[in-house]
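Throughout, read-outs are computed from the coordinates displayed, never taken from laboratory work. Remember, it's a predicted structure, so these values are computed and weren't measured experimentally. Note: ideal-geometry Cβ built from the backbone for every residue, glycine included; neighbour counts use all protein chains shown.
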Amino acid sequence: MGQTGQEVWQRAVLNLAHAGNEYDHVTDVQKKILLPLFKAHLKGYERTVLDFGCGPGRFTADLANAVQGSAVGVDISRRLIDMAPRASNVTYRVLPNGILPHDDFRFDVVWDCLVLGGIPDIAVGATAEALEDALQSGGLLFLVESTSNRPNGTYWFFRGANFYKSLFPRVNLRIISTYVDVDDELSILAGRKRGC
């Protein structure tokens with residue numbers, strides 16, 4: 001039996017070594033690992049979260065609930081945004097031309113889960129700068145990225161944790177945990193933006 005269109009699109013946000021029907025299971029495992037670490041790094045005053053590269057909104061509502069506030073999920077794919085679950089404390093936006101606007105985006109928290117690894121070297125620096133600009137002074141950057149020492153693929157770029165730290169010079173990022181997803185080491189980094 002073939003996958004539905006929705007399953008094919010959902011699979012695009014997972015490690016492709018997972019079977020096509022593992023979307024819900026993988027998402028549940030990631031939530032059990034990531035959300036407690038995320039909540040442990042909140043200070044209690046955060047009320048707004050940017051879920052960058054939210055895809056089909058796997059984490060967006062949970063992030064809004066964790067800060068007892070609101071979240072904005074952004075993605076380049078209208079198809080994935082249309083699949084995202086709706087909630088009263090969540091807004092979704094398709095990024096125009098994949099570019100994060102600088103004017104109306106200021107958040108207490110920026111969440112990025114396995115997004116920067118899909119951005120080529122030529123654009124990843126500008127993307128990181130826009131994310132840093134979107135973060136309020138003192139705000140939390142929570143980053144989950146593949147840090148396996150492997151050759152780059154066609155659509156995925158393997159980079160070390162130090163590379164990700166260097167992308168955010170105004171954020172004191174540090175590795176708070178790691179875990180393995182199938183055959184891929186993922187690093188979880190968190191840090192606060194220094195005052196400007």
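Looking at the stretch 65-153, which trypsin sites (Lys or Arg not before Pro) are DSSP coil and have at most 12 other C-beta atoms within 10 Å of their C-beta?
Values: sites: Arg78, Arg79, Arg86, Arg93, Arg106; in loops: Arg86, Arg106.
Loop-located and lightly packed - Arg86.
Given the DSSP H assignment, sum -39500 (n - 2.57) over each helix run of at least 4 residues in the chain and divide by its residue total; what's the result at 222 nm in deg cm²/dmol, nearest 500? Walk me through the numbers on the way to the answer.
Working: 6 runs with 59 residues, N = 196.
Estimated from H runs of four or more residues: -9000 deg cm²/dmol.
For the chain, just say rounded, prolate or oblate: build the C-alpha gyration tensor, square-root its eigenvalues into a ≥ b ≥ c, call rounded for a/c under 1.5, and beyond that prolate if a/b exceeds b/c, oblate if not.
Numbers: a/c = 1.41, a/b = 1.19, b/c = 1.19.
Rounded is the answer for the chain, as its axis ratio a/c remains below 1.5.
On a full-extension model of 0.36 nm per residue, what is the gain between Arg170 and Arg86, subtracting their alpha-carbon distance, rounded to one decimal in nm? Don't jump to the answer; show the numbers that get you there.
Numbers: separation 84, 0.36 × 84 = 30.24 nm, distance 3.30 nm.
Stretched out fully, the Arg170 to Arg86 stretch lengthens by 26.9 nm.
If each residue of separation counts as 0.36 nm, what is the full-extension length gain between Ile33 and Ala126 once their alpha-carbon separation is subtracted?
Working: separation 93, 0.36 × 93 = 33.48 nm, distance 2.90 nm.
Extending this stretch completely gives an extra 30.6 nm.
Quick one: go through the stretch 157-172 and flag any residue whose amide nitrogen is under 18 Å from the point 7 Å out along the Cα-to-Cβ line of Ile76.
The answer is 157-159, whose backbone nitrogens lie closer than 18 Å to the label point.
With +1 on each Lys and Arg Cβ and -1 on each Asp and Glu Cβ, and nothing else charged, work out how big the dipole of the chain is about its Cα centre, in Debye to the nearest 20.
The dipole magnitude comes to about 500 debye.
Return the long-range amide H neighbours of Phe107 (sequence gap of 5 or more, or a different chain), with a cut-off of under 5 Å between placed amide H atoms.
Those qualifying (amide H under 5 Å, at least 5 residues apart or on another chain) are Leu135, Gln136.
Quote to one decimal, in nm, the extra length available between Gln68 and Thr154 on full extension: 0.36 nm per residue of separation minus the C-alpha distance between them.
Working: separation 86, 0.36 × 86 = 30.96 nm, distance 3.90 nm.
Once the chain is fully extended between Gln68 and Thr154, it gains 27.1 nm.
Between Gln136 and Val94, what is the spin-label point distance in nm, taking each point 7 Å from the Cα along the Cα→C-beta axis?
Roughly 3.0 nm, to one decimal.
GNM on the chain, C-alpha springs below 10 Å: top fluctuator among Tyr155, Tyr179, Tyr164?
For the chain, modelled as a Gaussian network with Cα springs under 10 Å, the answer is Tyr155.
Please report the relative contact order for the chain, taking Cα pairs under 8 Å with a sequence separation of at least 6, and give it as a percent rounded to a whole number.
On the way: 349 pairs, mean separation 31.6, N = 196.
Worked out over the chain, it gives 16 percent.
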